[in-house]
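The next block holds one structure in the form of structure tokens; read it before the comments.
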Amino acid sequence: SINIIKKELRKKNLTVVDIGDSSGTHSNYLKKLIQDTELKMLSVNLDPKAIEKIKEKGLDAILARAEDLEKYNINPDLFISFQTIEHLNSPINFLKSISQNTSCQYFTITLPYLSKSRIGLEHIRNNISEKVHAENIHIFELNPIDWKLIFKHSGWEVLEEKIFFQYPKKNPLRLLKKSWSKYDFEGFYGVMLKKNLLWTEKYLDW
């Protein structure tokens, strides 16, 4: 994603905002991985405890909504969000708010990979009586085809995508795929998006 943006924007210094970051982990490893580009990393979260934890590591973090960052004179070159939007009640509204209310053109996201879409809400499915927090519960667990429809609907087009499998593709262990999927995800789906409001503007009832 960073290589694509460097080529597209012709910039040597990039501002990357991590939406939903709770620990600063991504900021740390991205700075180590990317040596030929100066990265300004900023974590954004609505959880004060997460912000405090990140700042304790000497990293930059702000208690805010990602779509409100322009109020703070912050204009990212890239938004990133790892394993986050499957936890949201309204991922469409979230994605649309980023596409329409920020100047950022690029968004890189990772999600659980499933070959068949389903609704998560495992606490209801398993009749668990304890109260739950959003960070511990998945709501939408969709396959890439369905996610791509949502991306288009909410103002984005796919530039790059990749599936990372948690089990070997060419190995006898692949026979365990069905059993594995009962207890964990088949893998992870990574996608780089670019702002494109074509389909968003065709929908008249936002």
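The values are calculated or read from the model by the stated rules, or taken from the named source; none is laboratory data. Everything numeric here is computed off the predicted structure, so don't read it as measured data. Note: ideal-geometry Cβ built from the backbone for every residue, glycine included; neighbour counts use all protein chains shown. Accessible surface areas use protein heavy atoms only, side chains included; no ligands, DNA or RNA. Shrake-Rupley method; radii C 1.70, N 1.55, O 1.52, S 1.80 Å.
Near residue 116, which aspartates and glutamates are there with a Cα under 20 Å away, not counting those fewer than 8 places off in the same chain?
List returned: 86, 141, 146, 161, 184, 186.
Tell me, what ³J(HN,Hα) does each residue in region 134-150 have, in order and in whole Hz, if you take phi through Karplus 6.51 cos²θ - 1.76 cosθ + 1.60 with θ = phi - 60° and put x for Gly and Pro?
4, 5, 9, 10, 8, 9, 9, 10, 9, 7, x, 4, 6, 4, 5, 5, 5
Output ³J(HN,Hα) for region 10-17: one whole-Hz value per residue in order, computed from phi by the Karplus curve 6.51 cos²θ - 1.76 cosθ + 1.60 with θ = phi - 60°, and x for Gly and Pro.
6, 10, 9, 10, 10, 9, 10, 10
As a quick test, which of the pairs 11/57; 6/194; 49/194; 96/152; 40/162; 162/194 have an alpha carbon distance above 21 angstrom in this structure?
Table pairs above 21 Å Cα-Cα are 11/57; 49/194; 40/162.
Calculate one ³J(HN,Hα) per residue across region 34-45 by plugging θ = phi - 60° into the Karplus curve 6.51 cos²θ - 1.76 cosθ + 1.60, and present them in order as whole Hz with x for glycine and proline.
My calculation for region 34-45 gives 9, 9, 9, 9, 7, 9, 9, 9, 9, 9, 10, 7 Hz in order.
Taking the Cα centre of region 4-96 as origin and charging only Cβ (+1 Lys, Arg; -1 Asp, Glu), how large is the dipole, in debye to the nearest 20?
320
If each DSSP helix of 4+ residues adds -39,500 (n - 2.57) and the sum is divided by the residues in the chain, what number results at 222 nm, nearest 500 deg cm²/dmol?
Counting only the DSSP helices, I get -8000 deg cm²/dmol.
So between residue 37 and residue 124, what do we pick up on full extension, going 0.36 nm a residue minus the alpha carbon distance?
Between residue 37 and residue 124, full extension yields an extra 26.8 nm.
So if I place +1 on the C-beta of Lys and Arg and -1 on the C-beta of Asp and Glu, and nothing else carries charge, what would the dipole magnitude of the chain be about its Cα centre? I want it in debye, nearest 20.
Roughly 720 debye for the chain.
Among 54, 104, 142, whose Cα sits farthest toward the positive end of the charge dipole of region 25-143 (+1 at Cβ of Lys/Arg, -1 at Cβ of Asp/Glu, about the Cα centre)?
My answer, from the dipole projection, is 142.
Per residue, how much accessible surface does region 46-124 expose to a 1.4 Å probe? Answer in Å², no decimals.
50
Could you give the length gained by full extension between residue 100 and residue 73, i.e. 0.36 nm per residue of separation minus their alpha carbon distance, to one decimal place?
So the chain would gain 8.1 nm between residue 100 and residue 73.
Once neighbouring chains are kept in place and the probe is 1.4 Å, which whole percent of the accessible area of the chain is contributed by carbon and sulfur?
52
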